[in-house]
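Structure, as structure tokens:
The values are calculated or read from the model by the stated rules, or taken from the named source; none is laboratory data. Quick caveat, the model's predicted, so the values are computed rather than measured. Glycine gets a Cβ as well: all are built from the backbone with ideal geometry, and neighbour counts include every protein chain shown.
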Amino acid sequence: MKHPAACIQCGDCVEVCPVEKVGGHAIVTFLADPDAADYSVWLCTICWRCHQVCPTGVDIYGLMMERRRHEAAPGGYQTAFERVLRSGLALPISQEELDQVRAAWGLEPVELPPADLVHILLHKSPSE
Amino acid sequence: MGIPYYPGCTLSTKAQNYDRSGRAVAAALGIELEELAEWQCCGATFPLMVDDSMALIAPTRVLYQAQQAGERVVTLCAICFHVLRRSQALLERDPDMLERINWFIEQEYSGVHVVHLLEVLRDDVGWDKLAEQVVRPLTGVKVAPYYGCLLLRPHDEIGLDDPEEPTILHDLLRALGAEVVDFPFSIECCGSYLTVKEPQVSETLSMDIVASAREHGAQLIATACPLCQFNLDYPQRETEAGFTGNEMPVVYFTQLMAAALGLPEEDWGLDSHYVNPAPAIEGQRALADS
């Protein structure tokens, strides 16, 4: 992984970043001060343009993903995890809605796993 | 010629029109897409962490299933293509990882070549041959080729075309007789998965792309990615106030091929768009015919 010290501040990455375009500060914040990363790291769309245009080959994408590892995930992710724990599904959709959507696409109704499936998987040992 | 084909989840549900038109145009050109006997999701995201071997299990299973069927496997979905091609590359350069994944899935995956249908059209069929098969050219239809991200980057692993100045969709559309509209947003990101968590961000990015295509005179946008298609099409949907009249239809390249190759309309799959592309295709051709 090419270190951010290789950055010559040419700004090519900023020019192509979709997140910068909508007012985020993904790459700039990051290269200027890796400790100042904010919610912007979660806005990276992984489009790979910064990686493609960097003249010195800094692995901005790699740095961004490494940063995500050390950040607390945004609230939305936490909510999704809680939903999975509660219902087994990350998105709030009822059996009825799900079957309607599936019927619209010509698919059979689906049988959802029991709501306590995740608890069973997490907390019961194979012998129980 | 028969080639193993991996449709993927999206082409079996939300993007059935991409699957249908893709199979139909391939068959019309003498390419038999043979769906893998058994397959499951590719994982939809290439592992984001350096040592995330767990996320390689799903794509490696797909690659193994493909290996059972032949030396290469063709995809249509740009996301499946991206994930599978990069998994193929990673397992080629990292024998330790290959061994580890093989041990876990209890299979002996050794290698298969992942290709996109666009590459088959370019390298196996050829643009001149394709142009010869066109019976109803898209004369006068102004199409903006939109590549997005996953089909092109990172170039050192994907290598489908020039990552900054690609031409493969341009060449295809020219072979179909369409008028290609070059516009500066053809390789910009549509916002991708942010459509789930931050829809206003992806909508802003997508509508910039649509606006640019419109400013450059396009009547249609052609893409190879189901997520790009959704992100560009959905924000233009009919609301209670109706359509604005300024809509830009977004189609898969295979749908335009089906129209140009003179295939029956049910093979075009134009029925499940938020903005109906049929007038842009047929209206212009009617003008050209008269």
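When B:ARG136, B:ARG86, B:ARG93 are checked against the criterion of being surrounded by fewer than 16 Cβ atoms within 10 Å (Cβ to Cβ) and of a type in the set (Lys, Arg), B:ARG93 stands alone in meeting it. Taking segment B:174-241 as the region of interest, the helices (runs of 4 or more DSSP H) fully inside it that hold 3 or more residues being among the polar types (S, T, N, Q) are B:199-215. All told, A:CYS7 falls short of being under 19 Å from B:GLU198 (Cβ atoms) and at pLDDT 80 or above.
Considering the conditions (1) without any contact (Cβ under 8 Å) to a residue 12 or more places away in the chain; (2) under 30 Å from B:ALA28 (Cβ atoms); (3) polar (S, T, N, Q), B:ASN276 is excluded by exactly one of them, (1). All conditions in (1) within 14 Å of chain A (Cβ to nearest Cβ); (2) in contact with a strand residue (DSSP E or B) (Cβ under 9 Å, 6 or more places away or on another chain); (3) not polar (S, T, N, Q) hold for B:CYS149, with the sole exception of (2).
Scanning segment B:205-225 for any residue that is surrounded by fewer than 20 Cβ atoms within 10 Å (Cβ to Cβ) and free of Cβ contacts under 8 Å to residues at least 24 places away in the same chain turns up at least one such residue. Pull up segment B:184-199, narrow it to residues that are buried (at least 19 other Cβ atoms within 10 Å of the Cβ) and either more than 9 Å from chain A (Cβ to nearest Cβ) or among the small types (Gly, Ala, Ser) (or both), then point me to the one that is nearest to B:VAL114 (Cα to Cα). Going through the qualifying residues, I end up with B:SER192.
Whenever a residue of segment B:5-17 is more than 10 Å from chain A (Cβ to nearest Cβ), its partners that are in a helix (DSSP H, G or I) and of a type in the set (Phe, Trp, Tyr), lying with C-beta atoms within less than 7 angstrom and at least six residues away or across chains, give the pairs B:LEU11/B:TYR18.
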